[in-house]
Amino acid sequence: MTHGDGLAALDATAQAELVRRREATALELVEAAIARVEQVNPALNAVVAPMYEQARAAAAGELPDTPLAGVPFLLKDLQAAHAGVPLTAGSRFLRDFAPDHDSALVTRLKRAGLIILGKTNTPEFGILPTTEPRLFGPTRNPWDVGRSAGGSSGGSAAAVAARLVPMAHANDGGGSIRIPASCCGLFGLKPTRGRNPLGPHFGDVFSGLVAEHAVTISVRDSAALLDATSGPDAGDPYWAPPPARPFRQEVDADPGRLRIAFTAEAANGVPVQADCAAAARGAAALCAELGHTVEEAAPALDGERLSRAFITIYAAGNAWLLDSLALAVGRAPGPEDVEPLTWALAEMGRRQPAPAYLLAVQTVQIIARQVARFLQSYDLWLTPTLAELPPPLGNFDSPPEEPLRGLRRAGQFTPFTPLANATGQPAMSVPLHWSTEGLPVGAHFIGRFGDEATLLRLAAQLEAARPWAGRRPPVCA
């Protein structure tokens, strides 16, 4: 086959199949991906740390007999420790920090035969739902380079949307997989709490809010990757219920007739733009056309209470994170080492008494039970992914006199996604709608705890009914 542009059109499963059939080598896939990064990345600023020589060496070596072996892949520059490679988390404080080990997830990615080409841009410590760190500058959305690619996995999402690689690592503490998936027109699955490991340094992050996975072009790639990475690591404090069978098999399974709850309103009363509400309503209509029962319904949640609890946990978490990084780096950061929002959030966390943190955790756990009881009557709950279209770059900037402005702005943009982090439930953003301006808009589905299977079955059905892989952004390999 013709390499280059032909490879860019293929998802990870199809690229791996070329290697398995010996119609292409892993090194050919890697060289083509490097060429795409070199061609397109200057317009996007998605890849911030190339690892080309390591990738070439890995591709030239022996590959395992696995479904994704030989496929080029990118790591988000947050939490994913790769021995000897800088791990900046988008912060000047970590500019010169390189771990001496691989994280458990990276070990599993390598074991799956994925070839890591480099690391992608992220906002400092993944705090904001846009990717505009001062260290590396903004990642631009390939659908409109004046707009945000979302965050915090915006670098990964922009790279996949522009077809530099077919999928890339992402993680999610309040929507950071699903937000950029919506902004960039990708499939983004946040797995169940404890599904993927966070070790060796973390048992959980922010009391279980954070989950690891990826953004992908296709549903089958997301499922195959989850098969490769999921399962408990030695010493994990808890883990997700084991799946009944491999996730990849769910993609080919009939979802049956699902009962789906639907709402386009945000629990905290934030206004929802027409295109975002239309994306959810369109997804509801499509589900009904496919034979599912769709009802307008939502649990009676106190959205403001959840938001306050979330910020309490995030503030305490950022104070903890800076203290933890001080141990790794060998010195404590000062306000000159991090962005004003990060410092203000950590200072807020330090001022909070320990009981306030535990009360916030209790609030989150109460809400998790409310949502779990609601989903005893429904298989899935459908909402918009976001309340707005991808905003212009700079929209989350915090002036010196108001360092927490970006965080408050984030609450207006992302009222739907944090709930699944609070509850630990799996959730996905599915790219089924494009605005009149040609911008992608995701539809958001929350599943029952431990039940990625139902999400993947429905996602594959939606993908077959309304394919999105052929839609290419203006900036694309």
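The values are calculated or read from the model by the stated rules, or taken from the named source; none is laboratory data. This structure is a prediction, so every number in the text was calculated from the model and none was measured. Backbone-built Cβ (ideal geometry, glycine too); neighbour counts: all protein chains shown.
Look at (1) of a type outside the set (F, W, Y); (2) closer than 23 Å to A9 by Cβ; (3) surrounded by fewer than 24 Cβ atoms within 10 Å (Cβ to Cβ) and you find that D204 fails only one, number (2).
The set of residues from the stretch 421-456 being crowded, with 24+ Cβ neighbours inside 10 Å and among the charged types (D, E, K, R) comprises just one member, E452.
Each row is one residue, and each column tells you yes or no for (1) in a helix (DSSP H, G or I); (2) under 27 Å from T383 (Cβ atoms).
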site: C276; (1), (2): yes, yes
site: A283; (1), (2): yes, yes
site: T312; (1), (2): yes, yes
site: D323; (1), (2): yes, no
site: A328; (1), (2): yes, no
site: P335; (1), (2): no, no
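Out of A168, A211, one residue alone is modelled with pLDDT of 95 or more and either over 26 Å from A315 (Cα atoms) or touching a helix residue (DSSP H, G or I) at 6+ places or on another chain (Cβ under 7 Å) (or both). It is A168.
Of the candidates A16, A59, A35, A55, the single residue that is more than 24 Å from the chain's Cα centre (by Cα), assigned to a helix (DSSP H, G or I) and buried (at least 22 other Cβ atoms within 10 Å of the Cβ) is A59. Taking each residue of the stretch 290-317 that is without any contact (Cβ under 8 Å) to a residue 40 or more places away in the chain and looking for partners that are among the acidic types (D, E) and part of a loop (DSSP other than H, G, I, E, B) with beta-carbon atoms closer than 7 Å, six or more apart or interchain, yields nothing. If A83 meets every condition in (1) hydrophobic (A, V, I, L, M, F, W, C); (2) farther than 30 Å from G203 by Cα; (3) over 22 Å from the mean Cα position of the chain (by Cα) apart from one, which number is that one? Here A83 meets the rest and fails (2). When restricted to residues that are crowded, with 21+ Cβ neighbours inside 10 Å and part of a strand (DSSP E or B), the stretch 117-146 contains 6. Within the stretch 76-116, track down each residue that is aromatic (F, W, Y) and outside any loop (DSSP other than H, G, I, E, B). Matches in the stretch 76-116: F93 only. For the stretch 362-409, the set of residues classified as surrounded by fewer than 17 Cβ atoms within 10 Å (Cβ to Cβ) and either among the hydroxyl-bearing types (S, T, Y) or in a helix (DSSP H, G or I) (or both) consists of Q362, Q365, I366, R369, Q370, A372, R373, S377, R405, R408, listed by residue number. Taken as a whole, the structure places N171 among residues that are part of a strand (DSSP E or B) and either in contact with a His (Cβ under 9 Å, 6 or more places away or on another chain) or surrounded by fewer than 24 Cβ atoms within 10 Å (Cβ to Cβ) (or both).
What about A266, is it outside any loop (DSSP other than H, G, I, E, B), within 25 Å of I179 (Cα to Cα) and either modelled with pLDDT of 95 or more or hydrophobic (A, V, I, L, M, F, W, C) (or both)?
So A266 fails the test.
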